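Participant: Please see the structure below; I have some questions.
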Amino acid sequence: MSGTPLDKIRNIGITAHIDAGKTTTTERILYYTGVSHKIGEVHDGNTTTDYMDQERERGITITSAAVTCEWKNHRINIIDTPGHIDFNIEVNRSLRVLDGAVFIIEGVAGVQPQSETNWRLADRYNVPRVIFINKLDRTGADFYRAFATLKEKLDIVALPLQLPIGIEDQFVGVIDLVEMKAIVWEGGELGAKFHDEAIPADLLEKAKEHRQILLDTALAVDDAGMEEYFDKGDVSVETLKRAIKTGTISGAFRPVLCGTAFKNKGVQPLLDAVLDYLPSPVDVPGIKVAAEEGEEEGDHQRRIKADPKAPFAGLAFKIINDKYGTLTFVRVYAGTLKSGDSVLNTTKGHKERIGRMFQMHADKRAEIKEVIAGDIAAFVGLKDTGTGDTLAAAEDPVILERMAFPVPVIDISVEPRTKEAVEKMTLALQKLAGEDPSLRLRTDQETGQTILSGMGELHLEIIIDRLKREYGVEANIGAPQVAYRETISRTHTETYTHKKQSGGSGQYAEVKIIFEPLDRNEGVVFENKVVGGAVPKEYIPAVEKGIKVQADTGVLAGFPTVDFKYTLVDGKYHDVDSSALAFEIAAKACFREGMKKANPIILEPIMDVEITTPQDHVGDVVGDLNRRRGMIQNQESSGSTIIVRAQVPLKEMFGYISNLRSMTKGRASFTMQFHHYDPVPRNIADEIMAKSA
Amino acid sequence: MRLRWARGRGTIETTTGPRASEWLGLDDAGNPIARVIHLEGPVQTEHGVFRAIALDQEAKLIRLLPLPPADGDWLAVIGGRVVGRAAAPLAAVRRAEAAL
Ligand SMILES: Nc1nc2c(ncn2[C@@H]2O[C@H](COP(=O)(O)OP(=O)(O)OP(=O)(O)O)[C@@H](O)[C@H]2O)c(=O)[nH]1
Ligand SMILES: [Mg+2]
């Protein structure tokens with residue numbers, strides 16, 4: 001059905017806190033839209049989108065899966081994303097390429113920490129959202145309390161389009177405030193059967209009150225609707241839906257629906273809401289072109305509209321290696337592409353030929369011959385295109401707004417069980433890192449060890465498991481370590497001469513480099529200020545390479561060096577004895593010598609930690625956090641539960657869960673995520689250096 | 001008392017295009033007897049920076065003290081007197097009608 005008109009396509013994501021019911025909801029959607037003929041359950045390990053062995057065994061989503069379905073003459077491309085913070089990259093890249101999202105929150109707990117993080121991510125990419133309050137069948141569920149957390153935690157104008165009828169095991173359906181009717185599910189047939197009824201008398205007053213709020217809020221973005229209201233004392237369903245769509249896309253308010261995915265109630269109206277209120281590719285302002293060199297990012301940037309006739313532009317957002325080779329998922333923003341066409345990878349500056357193209361249904365695929373603006377497809381046969389790279393037609397070689405990647409904070413060393421497997425392991429890890437930008441791979445220059453950096457223990461555990469299952473490499477791993485970084489705290493200029501000229505062909509290179517500290521997160525910046533060919537042009541890349549390789553192994557304790565600028569200002573060369581290699585060696589040595597004199601320091605990841613604990617244990621929890629060098633940010637009570645927020649160095653958080661459990665008799669829980677890097681205190685720096693020596 | 005409401009002068013720019021910033025409540029003879037206006041601000045004038053301002057009948061700036069609550073940037077005005085505030089124009093219209 002590649003003939004679907006653009007305004008009948010929806011590209012949406014489903015995102016939420018862990019276990020809120022994203023996969024369960026997606027599974028219902030696939031059933032009601034006729035894609036699957038039975039409903040899979042997360043606990044039975046047979047859902048469509050959790051198709052990896054690790055997902056099915058653990059009952060969690062690890063990798064985002066794309067599925068396509070049809071509902072009322074529209075095509076909906078859905079990406080089910082994981083909730084666990086270790087796999088946040090999946091949410092990040094999905095939100096980046098989608099036009100809208102269904103945001104699920106739990107009917108018992110309301111907005112949870114991970115919902116908050118994902119909400120901010122969606123804000124960053126301006127993704128229009130509808131909210132689904134799920135699990136209303138559970139004991140303790142309360143629509144109104146969960147609804148209140150939307151305003152409290154997310155500070156948004158949340159606008160109910162539905163109210164629940166009954167709650168917990170009495171939950172039978174919803175009041176539709178747009179059409180002022182009740183929708184009741186009949187039970188049986190897995191929720192496929194439901195009917196309209198009059199609104200129950202005891203809920204009529206409440207429904208009227210909420211409908212007035214709905215009219216007030218929605219019509220505030222639609223003057224013609226206001227006039228219709230003044231004329232007739234009400235507005236048509238069509239007008240109201242139009243106003244809700246306008247406000248949803250602009251973010252003036254966020255519509256709220258509710259139900260229970262597991263008990264099969266509320267999913268069909270949610271699908272209707274996706275069609276009615278979330279934008280099609282032509283309803284969104286278009287993707288921004290990245291700011292040019294030296295230009296501030298902002299609203300003046302050119303936007304590319306979803307036009308199938310325009311020059312091609314697309315963004316690679318996900319890469320999978322499977323038995324058929326490398327699949328590159330691309331969101332097409334403009335133009336039309338046929339298999340066999342050539343495009344430019346404008347991020348890396350080379351040509352790519354498109355081999356075969358597929359539409360993906362979780363782990364199944366259907367071959368297609370062309371893909372047009374607004375759609376998502378997977379390409380086979382790209383040589384060197386990574387996550388976040390732009391593919392564009394040669395006549396308009398744009399680079400699209402880039403993607404932000406999360407920072408990996410945990411390191412482990414990996415070593416294959418057998419010597420023969422070294423090469424196989426390296427290749428496999430390179431492939432896995434190619435799929436996952438939140439996974440980094442490096443070789444320690446001193447020990448020769450392979451070091452993997454990831455988002456958390458679960459993330460790395462899954463990678464090691466995949467290494468074994470998918471690539472047949474059994475590896476021994478070291479204990480998880482904090483991913484420290486090194487940087488410098490003052491500017492220093494170093495000159496280094498590399499000279500070996502005793503007989504035979506010699507080596508000669510001299511470089512003079514200024515090393516300067518940069519602010520956090522600015523990365524490594526190179527500037528070449530050599531004048532008059534003191535270092536010939538052809539050797540400059542060798543200097544860059546030398547620094548890049550050496551910077552992976554910092555001078556204090558061997559951690560990657562970040563946030564500094566190096567400027568090559570001068571040097572010397574020899575007509576016969578100079579070579580690229582000589583300059584690379586000189587640059588490496590210049591780095592080692594120079595950085596030592598630039599007041600090097602060690603940085604450690606500081607985590608945002610949120611602990612939910614019963615009142616009676618707050619004292620213990622806070623005292624313990626203080627001992628862990630934690631800085632308490634705030635405490636908040638909801639009933640007899642207290643939420644403590646603190647910033648704590650990651651180093652102090654290893655094994656925290658068992659400690660917290662024993663401290664609170666298993667009644668407290670916590671989540672954490674990376675916040676920023678900070679210099680470590682002196683005594684700890686000494687400890688780290690002693691260990692690495 | 002129910003009035004007939006019509007768009008007044010002035011627009012506000014929103015991400016989805018211009019929107020009326022004033023609604024006039026007309027009596028049976030078609031005379032404006034109530035207004036609902038959107039607060040602007042901050043606005044810099046020669047008399048200083050005004051955080052919350054509105055236009056009077058002659059379209060002169062009037063400064064409002066104390067500042068309105070964060071979610072109340074629509075004012076219901078009758079005869080130059082603010083009789084209510086609301087987050088949405090329709091809700092402000094009801095305030096104005098209730099005050100008549
Ligand atoms: N009672 C009840 N349980 C639900 C509901 N929706 C989901 N669940 C259960 O909650 C658990 C988690 O559901 P999932 O669908 O895997 O949640 P998820 O959001 O996909 O989780 P991750 O992908 O791991 O973040 C499963 O055991 C579901 O059966 C619901 O509406 N009511
Ligand atoms: Mg899931």
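Participant: In square angstrom, what is the accessible area per residue of the stretch A:410-483 with a 1.4 angstrom probe?
Facilitator: Per residue, the stretch A:410-483 has an accessible area of 48 Å².
Participant: So what J values fall out for the stretch A:468-480 if you push phi through Karplus, 6.51 cos²θ - 1.76 cosθ + 1.60 with θ = phi - 60°, rounded to Hz, Gly and Pro as x?
Facilitator: Running phi through 6.51 cos²θ - 1.76 cosθ + 1.60 with θ = phi - 60° gives 6, 6, 8, 10, x, 10, 8, 10, 8, 10, x, 5, x Hz.
Participant: Need the C-alpha centroid separation for the stretch A:4-55 versus the stretch A:187-233, integer Å.
Facilitator: After rounding, the separation between the Cα centres reads 28 Å.
Participant: Working out 0.36 nm times the residue gap between A:ASP616 and A:LYS424, then minus their Cα-Cα distance, what length gain in nm do you get to one decimal? Write out the running numbers ahead of the final one.
Facilitator: Numbers: separation 192, 0.36 × 192 = 69.12 nm, distance 5.32 nm.
Separation in residues times 0.36 nm, less the Cα-Cα distance, equals 63.8 nm.
Participant: Quick one: how many Å² of A:ILE514 are accessible to a 1.4 Å probe, rounded to 10?
Facilitator: It works out to around 40 Å².
Participant: Count the net charge of all other residues whose Cβ sits under 12 Å from the Cβ of A:VAL644, scoring Lys and Arg as +1 and Asp and Glu as -1. Please list the in-between numbers first.
Facilitator: Working: positive: A:ARG645; negative: A:ASP608, A:GLU610, A:ASP620, A:ASP624, A:GLU636.
Net local charge, A:VAL644 excluded: -4.
Participant: Taking all protein chains together and a probe of 1.4 Å, list A:PHE262, A:PHE147 from the most accessible to the least accessible. Numbers along the way, then the final one.
Facilitator: On the way: A:PHE262 95, A:PHE147 50 Å².
From most exposed to least exposed: A:PHE262, A:PHE147.
Participant: Sticking with this structure for a sec: For the stretch A:6-64, what is the convex hull (Cα atoms) projected area averaged across all directions, in square nanometres?
Facilitator: Here the figure is 4.6 nm², rounded to one decimal.
Participant: Something else now. For the stretch A:410-483, report the translational diffusion coefficient in µm²/s to the nearest whole number, using Stokes-Einstein at 10 °C, 1.306 mPa s, and a Kirkwood Rh over Cα pairs.
Facilitator: 131
Participant: I'd like the trypsin sites (Lys or Arg not before Pro) in the stretch A:635-692 restricted to DSSP loop residues with at most 12 other Cβ atoms within 10 Å, sorted by number.
Facilitator: On the way: sites: A:ARG645, A:LYS651, A:ARG661, A:LYS665, A:ARG667, A:ARG682, A:LYS691; in loops: A:LYS665, A:ARG667.
Within the stretch A:635-692, the qualifying trypsin sites (Lys or Arg not before Pro) (loop, at most 12 other Cβ atoms within 10 Å) are A:LYS665.
Participant: Using the Cβ atoms and a cut-off under 13 Å, what net charge is assigned to the surroundings of A:VAL108, where Lys and Arg are +1 and Asp and Glu are -1? Don't skip to the answer; put the middle values down first.
Facilitator: Details: positive: A:LYS135, A:ARG138, A:ARG145; negative: A:ASP19, A:GLU106, A:ASP137, A:ASP142, A:GLU168.
Residues close to A:VAL108 contribute a combined charge of -2.
Participant: Can you figure out the FRET efficiency of B:VAL82 with A:ARG353, using R₀ = 51 Å and their beta-carbon distance, to the nearest 0.05? Could the numbers behind the result be given before it?
Facilitator: Working: r = 67 Å, r/R0 = 1.32.
E between B:VAL82 and A:ARG353, to the nearest 0.05, is 0.15.
Participant: At 1.4 Å probe radius, can you tell me the per residue accessible area of the stretch A:6-277 in Å²?
Facilitator: Result: 34 Å² of accessible area for each residue.
Participant: A further question on this structure: So which of A:LYS338/A:LYS383; A:LYS208/A:LYS263; A:LYS288/A:LYS364; A:LYS323/A:LYS383; A:LYS512/A:LYS537 end up more than 21 Å apart by C-alpha? It would help to have the intermediate numbers written out before the result.
Facilitator: Numbers: A:LYS338/A:LYS383 17 Å; A:LYS208/A:LYS263 27 Å; A:LYS288/A:LYS364 32 Å; A:LYS323/A:LYS383 17 Å; A:LYS512/A:LYS537 15 Å.
Too far apart for the 21 Å limit: A:LYS208/A:LYS263; A:LYS288/A:LYS364.
Participant: Spelling out what I want: for every residue of the stretch A:528-543, take phi, set θ = phi - 60°, compute 6.51 cos²θ - 1.76 cosθ + 1.60 (Karplus), and round to whole Hz; glycine and proline get x.
Facilitator: Coupling constants for the stretch A:528-543: 10, 10, 5, 10, x, x, 4, 10, x, 3, 5, 9, 4, x, 5, 5 Hz.
Participant: OK, next. Hey, what do the phi angles of the stretch A:513-518 turn into as Karplus ³J(HN,Hα) couplings, whole Hz, using 6.51/-1.76/1.60 and θ = phi - 60°, x for Gly and Pro?
Facilitator: Those phi angles translate into 10, 9, 9, 10, x, 10 Hz.
Participant: Sticking with this structure for a sec: Provide a list, ordered by number, of residues in the stretch A:202-237 showing at least 50 Å² less accessible area with every protein chain present than when their chain is taken on its own, using a 1.4 Å probe.
Facilitator: A:ASP216, A:ASP223, A:MET226, A:GLU227, A:PHE230
Participant: What are the trypsin sites (Lys or Arg not before Pro) within the stretch A:1-47 that DSSP puts in a loop, where the Cβ has at most 10 other Cβ atoms within 10 Å?
Facilitator: Answer in residue order: A:LYS38.
Participant: Under a 5 Å amide H to amide H cut-off, with H placed in plane at 1.01 Å, what residues pair with A:SER578 once short-range neighbours are removed?
Facilitator: HN-HN under 5 Å from A:SER578: A:TYR508.
Participant: Could you list log10 I(q)/I(0) for the stretch A:587-662 at q = 0.11 Å⁻¹, which the Debye formula gives when each Cα is one point scatterer?
Facilitator: -0.41
Participant: How far is helix A:143-154 tilted off the main Cα axis of chain A, in degrees rounded to 10, range 0 to 90?
Facilitator: The two axes meet at around 30 degrees.
Participant: Per DSSP H run of at least 4 residues, take -39500 (n - 2.57); add these up for chain A, divide by its residues and hand me the 222 nm value, nearest 500 deg cm²/dmol.
Facilitator: Counting only the DSSP helices, I get -8500 deg cm²/dmol.
Participant: Over the Cα atoms of the stretch A:118-272, Rg to Rh with Kirkwood Rh, two decimal places?
Facilitator: Values: Rg = 15.7 Å, Rh = 16.2 Å.
Expressed as Rg/Rh, it is 0.97.
Participant: Estimate for me the total accessible surface buried between chains B and A (protein heavy atoms, probe 1.4 Å, no ligands or nucleic acids), in Å² to the nearest 100.
Facilitator: Working: alone 6410 and 29970 Å², together 35070 Å².
Interface between B and A: roughly 1300 Å².
Participant: While we're looking at this one, here's another question. Please report, in whole Å, how far the alpha carbons of the stretch A:303-392 spread along each principal axis, starting with the longest.
Facilitator: Sorted largest first, the three principal extents are 36, 25, 21 Å.
Participant: I need the Kirkwood Rh of the stretch A:486-598: take the reciprocal of the average 1/r across all distinct C-alpha pairs and report it in angstrom.
Facilitator: Evaluated over the stretch A:486-598, this radius sits at 14.0 Å.
Participant: Under 5 Å between amide hydrogens, which residues at least 5 positions from A:TYR333 or on another chain qualify, with H placed 1.01 Å from N in the peptide plane?
Facilitator: Long-range HN contacts for A:TYR333: A:ALA313, A:GLY314, A:LEU315, A:GLY374.
Participant: Let me ask you something else. Would you mind counting up the charge near B:VAL36? Only other residues with Cβ under 9 Å from its Cβ, with Lys and Arg at +1 and Asp and Glu at -1.
Facilitator: Charge balance near B:VAL36 sits at +1.
Participant: Continuing with the same structure: To the nearest 10 degrees, how steeply does helix A:201-219 sit against the main Cα axis of chain A, on a 0 to 90 scale?
Facilitator: 50
Participant: While we're looking at this one, here's another question. Return a whole-number percent for the relative contact order of chain A, with Cα pairs under 8 Å and 6 or more residues apart as the contact set.
Facilitator: 9
Participant: Next question, about the same structure. Tell me the angle of helix A:422-435 to the major Cα principal axis of chain A, expressed in degrees between 0 and 90 and rounded to the nearest ten.
Facilitator: Roughly 50 degrees between the two axes.
Participant: Among bridges DSSP assigns within the protein assembly as shown, what percent are antiparallel (round to 5)?
Facilitator: 85
Participant: A follow-up question, please. Post the alpha-carbon centroid distance, the stretch A:502-548 to the stretch A:99-123, in whole angstrom.
Facilitator: Result: 47 Å between the Cα centres.
Participant: Further question on the same structure: Over the stretch A:169-249, what is the relative contact order in percent, taking alpha-carbon pairs closer than 8 angstrom and at least six residues apart?
Facilitator: Once normalised by length, the contact order is 22 percent.
Participant: So which trypsin sites (Lys or Arg not before Pro) in the stretch A:48-152 end up in coil per DSSP with only 14 or fewer other C-beta atoms within 10 Å?
Facilitator: When the trypsin sites (Lys or Arg not before Pro) of the stretch A:48-152 are filtered for loop state and at most 14 Cβ neighbours within 10 Å, A:LYS72 remain.
Participant: With every protein chain present, what accessible area does A:SER489 have (1.4 Å probe, heavy atoms only), rounded to the nearest 10 Å²?
Facilitator: Counting only protein heavy atoms, the figure is 60 Å².
Participant: Continuing with the same structure: Just the Kirkwood number for chain A, please: inverse of mean 1/r across all distinct Cα pairs, in Å, one decimal.
Facilitator: 27.9
Participant: Something else now. Using Cα-Cα distances under 8 Å and only pairs 6 or more residues apart, what relative contact order does the stretch A:486-598 have, in percent? Before the final figure, lay out each step's value.
Facilitator: Values: 252 pairs, mean separation 47.5, N = 113.
The value is 42 percent.
Participant: Express in % the proportion of alpha carbon pairs of the stretch A:248-379 at distances exceeding 27 Å.
Facilitator: Details: 3227 of 8646 pairs.
Value for the stretch A:248-379: 37 percent of Cα pairs lie more than 27 Å apart.
Participant: Using a 1.4 Å probe over the heavy atoms of the protein chains, calculate the carbon and sulfur portion of the accessible area of the protein assembly as shown as a whole percent.
Facilitator: Answer for the protein assembly as shown: carbon and sulfur cover 49 percent of the accessible area.
The values are calculated or read from the model by the stated rules, or taken from the named source; none is laboratory data. These numbers come from a predicted model, not from an experiment. Note: ideal-geometry Cβ built from the backbone for every residue, glycine included; neighbour counts use all protein chains shown. Surface areas here come from the heavy atoms of the whole protein model, side chains and all, with no ligands, DNA or RNA. Shrake-Rupley method; radii C 1.70, N 1.55, O 1.52, S 1.80 Å.
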